[in-house]
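This report concerns only the one structure given below.
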Amino acid sequence: MTTLQEPTPTHRVFKYGGKVFPDPGAEYTAQQVLDHIKNFFPELGNATIDEKQVADGTLEITFSKQVTTKG
(Lines give C-alpha, C1' and ligand atoms only; values in the text may rest on other atoms or scores of the structure.)
Protein backbone atom coordinates (compact mmCIF):
# COMPACT_ATOMS: atom_id res chain seq x y z
CA MET A 1 0.00 0.00 0.00
CA THR A 2 1.36 3.40 -0.93
CA THR A 3 0.58 6.62 0.82
CA LEU A 4 0.64 9.98 -0.85
CA GLN A 5 3.01 12.44 0.70
CA GLU A 6 3.53 16.05 -0.14
CA PRO A 7 6.82 16.51 -1.95
CA THR A 8 9.69 17.64 0.20
CA PRO A 9 10.39 21.28 -0.58
CA THR A 10 13.49 21.80 -2.68
CA HIS A 11 14.12 25.08 -0.89
CA ARG A 12 12.40 27.68 1.23
CA VAL A 13 11.99 31.42 0.88
CA PHE A 14 10.77 33.79 3.55
CA LYS A 15 8.61 36.79 2.72
CA TYR A 16 7.58 39.90 4.60
CA GLY A 17 6.31 43.23 3.35
CA GLY A 18 7.25 42.67 -0.27
CA LYS A 19 10.76 41.54 0.66
CA VAL A 20 12.15 38.06 0.08
CA PHE A 21 14.74 36.60 2.44
CA PRO A 22 16.86 33.56 1.55
CA ASP A 23 16.74 30.40 3.60
CA PRO A 24 19.47 30.52 6.26
CA GLY A 25 19.49 26.72 6.38
CA ALA A 26 17.17 23.79 6.91
CA GLU A 27 18.35 23.47 10.50
CA TYR A 28 16.39 26.65 11.36
CA THR A 29 12.65 26.49 11.87
CA ALA A 30 10.35 29.17 10.49
CA GLN A 31 9.87 30.41 14.06
CA GLN A 32 13.64 30.75 14.56
CA VAL A 33 13.93 32.73 11.31
CA LEU A 34 11.05 34.96 12.43
CA ASP A 35 12.73 35.52 15.80
CA HIS A 36 15.86 36.71 13.98
CA ILE A 37 13.98 38.94 11.53
CA LYS A 38 12.10 40.58 14.43
CA ASN A 39 15.40 42.24 15.36
CA PHE A 40 15.08 44.29 12.17
CA PHE A 41 11.28 44.50 11.98
CA PRO A 42 9.96 44.86 15.54
CA GLU A 43 6.38 45.14 14.24
CA LEU A 44 6.57 41.37 13.72
CA GLY A 45 6.40 40.84 17.47
CA ASN A 46 3.08 38.99 17.21
CA ALA A 47 3.38 37.86 13.61
CA THR A 48 1.67 34.89 12.05
CA ILE A 49 3.48 32.38 9.88
CA ASP A 50 1.81 31.12 6.71
CA GLU A 51 3.33 28.37 4.60
CA LYS A 52 2.47 27.57 1.00
CA GLN A 53 4.16 25.14 -1.34
CA VAL A 54 4.32 26.41 -4.93
CA ALA A 55 4.39 24.32 -8.10
CA ASP A 56 8.19 24.20 -8.39
CA GLY A 57 8.46 22.68 -4.91
CA THR A 58 9.55 25.87 -3.16
CA LEU A 59 8.07 26.40 0.28
CA GLU A 60 7.05 30.04 0.65
CA ILE A 61 6.88 31.12 4.26
CA THR A 62 5.18 34.48 4.75
CA PHE A 63 5.33 36.50 7.95
CA SER A 64 2.33 38.76 8.54
CA LYS A 65 2.06 41.27 11.32
CA GLN A 66 -1.10 41.16 13.35
CA VAL A 67 -3.06 44.34 13.71
CA THR A 68 -3.74 45.08 17.35
CA THR A 69 -5.26 47.97 19.22
CA LYS A 70 -3.88 49.68 22.26
CA GLY A 71 -6.11 50.24 25.15
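The values are calculated or read from the model by the stated rules, or taken from the named source; none is laboratory data. Since this is a predicted model, take the numbers as computed values, not measurements. Every residue, glycine among them, receives a Cβ derived from its backbone with ideal geometry; neighbour counts consider all protein chains shown. Protein only, heavy atoms only, side chains kept; ligands, DNA and RNA dropped before computing areas. Shrake-Rupley method; radii C 1.70, N 1.55, O 1.52, S 1.80 Å.
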> How much area per residue is accessible in segment 22-61 when the probe is 1.4 Å and only protein heavy atoms are counted (Å²)?
Replying inline: 64 Å²
> What list of ³J(HN,Hα) values in whole Hz, one per residue of segment 47-58 in order, does the Karplus curve 6.51 cos²θ - 1.76 cosθ + 1.60 (θ = phi - 60°) give from phi, with Gly and Pro shown as x?
Replying inline: 5, 9, 10, 10, 10, 9, 8, 9, 4, 7, x, 6
> Taking 0.36 nm per residue of separation and subtracting the Cα-Cα distance, what length does fully extending Tyr28 through Thr48 add?
Replying inline: 5.5 nm
> If you take the charge dipole of segment 24-71 about its Cα centre, with +1 on Lys and Arg Cβ and -1 on Asp and Glu Cβ, which of Thr29, Val67, Asn39 is farthest toward its positive end?
Replying inline: Val67
